Amino acid sequence: MNEHDELAKRFEEERTRLRAVAYRMLGSLGEAEDAVQEAWLRLSRTDAAEIDNLAGWLTTVVGRICLDMLRSRTSRREDPLEVRPLEPVPGDTTGVARPASDPEDEALLADSVGAAMLVVLDKLAPAERLAFVLHDLFAVPFEDIALITERTPASARQLASRARRRVRGAEAQPRPDLTRQHRIVSAFLSAARGGDFEALLEVLDPDVVARSDIGMANALSAVRGAALVARQAATFAQFAQTAQVAFVNGGVGVVARVDGTFRVMMFTIADSRITEVSVVMTPSGVSELDILVP
């Protein structure tokens, strides 16, 4: 085995951990893979004989790459939409969400370790997010974090402390009952697929309102009343066939791909009934949503 093959072997041994770090930083498996691949390219251009601690060196490099990506994302005021199954991270034990076979388990899993944490982390400044993720989740010393953020260790410690307070404050807020939402939305989707008018009425509030954008700027159409919404939903049978339950902006919704574009349904639920349905069809509207497909 030559030196390059040996280096590639050592890198592959670190890949799973590096991907978990990058995923926590970026909230996107696609971007996490890009960050890890960029780390490999930088390593391949470096004299590995000069690296005393390969794991630490790679963590630092991935951290810097992710920090640059987060700062670039912030400067563009955009967050890339990733509508894809939440893939497992093989061998990772840090809590990256994994698909579950039971829908109720999926909701609980995403609530506890997947979407909820990523939504909280997304509210942190890039440097805060890096300090919190690296130190609190992966036990990286503040001295190393200081090198990445170009701050002193004391300043890096303050970043992590400030982020920790914000995370704890967000976690203290009441969480939505995603299990109940998942059950009700699944019942709605099943009834819509079958065109079952009576079953739709069972999950709709008598005064439910359904709104949808209609492809023109700031233009919405609205329907009010369970019977009218149920009739409208029953006509969505073809749409419903390709749809699947997803997590949208922290709640349970429905995502479908129609004619090459995504359409999203969001729901407001009270007392086990749907009180509001919002349908987003325009690409610009969909791009503003935080979507996670289990």
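The values are calculated or read from the model by the stated rules, or taken from the named source; none is laboratory data. Given the structure is predicted, the values throughout are model-derived calculations rather than measurements. All Cβ positions, even for glycine, are placed from backbone atoms using ideal geometry, and neighbour counts span all protein chains on display. Note: accessible area is taken over every heavy atom of the protein model, side chains too, but ligands, DNA and RNA are not part of it. Shrake-Rupley method; radii C 1.70, N 1.55, O 1.52, S 1.80 Å.
Annotations for the structure displayed:
- Of all residues in the stretch 170-179, those satisfying the criterion of being at pLDDT 60 or above and either closer than 17 Å to Ala131 by Cα or not in a helix (DSSP H, G or I) (or both) are Pro176, Asp177.
- Extreme residue, least open to solvent (accessible area, probe 1.4 Å), among residues of the stretch 243-258 that are in a loop (DSSP other than H, G, I, E, B) and of a type outside the set (A, V, I, L, M): Gly250
- Residue match in the stretch 97-116 (condition: of a type in the set (Lys, Arg), under 21 Å from Tyr23 (Cβ atoms), at pLDDT below 90 and surrounded by fewer than 18 Cβ atoms within 10 Å (Cβ to Cβ)): yes
- Among residues of the stretch 2-15 that are among the charged types (D, E, K, R), those with a Cβ under 9 angstrom from a residue that is open to solvent by 100 Å² or more (accessible area, probe 1.4 Å), sequence gap 6+ or separate chain, pair up as Lys9/Met1.
- Pairing residues of the stretch 170-190 that are charged (D, E, K, R) and open to solvent by 30 Å² or more (accessible area, probe 1.4 Å) with residues that are at pLDDT 85 or above and in a loop (DSSP other than H, G, I, E, B), at Cβ distances under 9 Å and at least 6 apart in sequence or on separate chains, gives Arg180/Ser272; Arg183/Ser272.
- If only residues of the stretch 259-281 that are more than 16 Å from Ala226 (Cα to Cα) and open to solvent by 30 Å² or more (accessible area, probe 1.4 Å) are counted, the one that is farthest from the chain's Cα centre (by Cα) is Asp259.
- Identity of the residue in the stretch 58-91, open to solvent by 70 Å² or more (accessible area, probe 1.4 Å) and modelled with pLDDT of 55 or more, that ends up farthest from Val264 (Cα to Cα): Arg64
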